[in-house]
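**Student:** To start, I am sharing the structure in question, which I have written as structure tokens.
The values are calculated or read from the model by the stated rules, or taken from the named source; none is laboratory data. The structure presented is a predicted model; accordingly, all values stated were derived computationally and were not measured. Cβ sites come from the backbone with ideal geometry, for glycine too, and all protein chains shown count toward neighbours. Each accessible area value is taken on the protein alone, full model and side chains, heavy atoms only, with ligands, DNA and RNA left out. Shrake-Rupley method; radii C 1.70, N 1.55, O 1.52, S 1.80 Å.
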Amino acid sequence: MEFIDPALLAYCEVHTSPEDPLLQKITRETQAKVLMPRMLSGHLQGKTLELFAKMIRAQSILEIGTYTGYSGICLARGLSKGGKLTTLDINDELEPMVRGFFEESGLAHQIDYRLGNAREIIPTLSGPFDLVFIDADKYYYSEYFDLVIDKVSPGGIILADNVLWSGKVVQEEGKKVDKDTQALLDFNRKVQEDSRVENVLLPLRDGILMARKLD
């Protein structure tokens, strides 16, 4: 779903710091070789993630859902000196491609790329994390939130992608809601009602919910 006029979107991209050759390569190869390339974060979102990380001077970032590594590289670029990104994904078929991109980025030494079920891995992580980016199985968003909230630093940020779900979160009353849409409706409500955070839902791309853990 396009939330703004394509011409305005193009204008936004032109007035955003440009993608470098590596990010352009990841975009091309994802579109050519990987199913569902729409899952790629892309230019505007990638730069937004990088700047968020820089603004809070993140030392430790957790990403749930690596995909082909675009967002991970953007987040890692936003780390403070000596910082670390831990990124989790269940799809081992993409591992060679992703590790190759991480090596090309020059940031592989700051990226802990783990394969497996995030719901099993997260409890083993010590944290604390200054920033968490959730972009994995929508059905488990609420569970991911519960697993990470106590591992987030006071003042730290949780970002959740795709929370507008192509506009399905505001579909007509009475229309049947699929399980992923319902899960996102439940998640958005959960965060809105959680007294431990202050939050804003940004209509960027497919929606990013930003929750700041209160000090």
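**Student:** What is the packing order of peptides 27-38, 76-87, 101-112, 4-15, taking the mean over residues of other C-beta atoms within 10 Å and listing the highest first?
**Tutor:** 76-87, 101-112, 27-38, 4-15
**Student:** Ok, one more. Place a label point 7 angstrom from the Cα of Asp92 along the Cα-to-Cβ direction, then list the residues of segment 100-121 whose backbone nitrogen is under 20 Å away.
**Tutor:** 100-102, 112-121
**Student:** If you average the alpha carbon positions of segment 138-188 and of segment 199-215, how far apart do those two centres end up, in angstrom?
**Tutor:** Taking the Cα centre of segment 199-215 as reference, the centre of segment 138-188 is 11 Å away.
**Student:** Tally up the carbon and sulfur contribution to the accessible surface of segment 141-215 as a whole percent, 1.4 Å probe, everything protein left in place.
**Tutor:** 51 percent
**Student:** Moving on. Would segment 5-59 count as rounded, prolate or oblate if I go by the C-alpha gyration tensor, calling it rounded below 1.5 in a/c and otherwise prolate when a/b exceeds b/c, oblate otherwise?
**Tutor:** It comes out oblate by the Cα gyration axes.
**Student:** Under 17 Å Cα to Cα from Lys47, which aspartates and glutamates show up? Leave out anything in the same chain fewer than 8 places away.
**Tutor:** Glu13, Glu19, Asp20, Glu63, Asp135, Asp161, Asp206
**Student:** Separate question: For the chain, what's the relative contact order in percent, using C-alpha pairs closer than 8 Å and at least 6 residues apart?
**Tutor:** 17 percent
**Student:** Based on the Cβ-Cβ distance from Arg38 to Asp215, what FRET efficiency comes out when R0 is 30 Å, to the nearest 0.05?
**Tutor:** Here the calculated transfer efficiency is 0.20.
**Student:** Oh, and also: Return the whole-Å distance between the Cα centroid of segment 38-56 and the Cα centroid of segment 86-133.
**Tutor:** 16 Å
**Student:** Keeping all protein chains in place, calculate the accessible area per residue for the chain (probe 1.4 angstrom), answer in Å².
**Tutor:** 51 Å²
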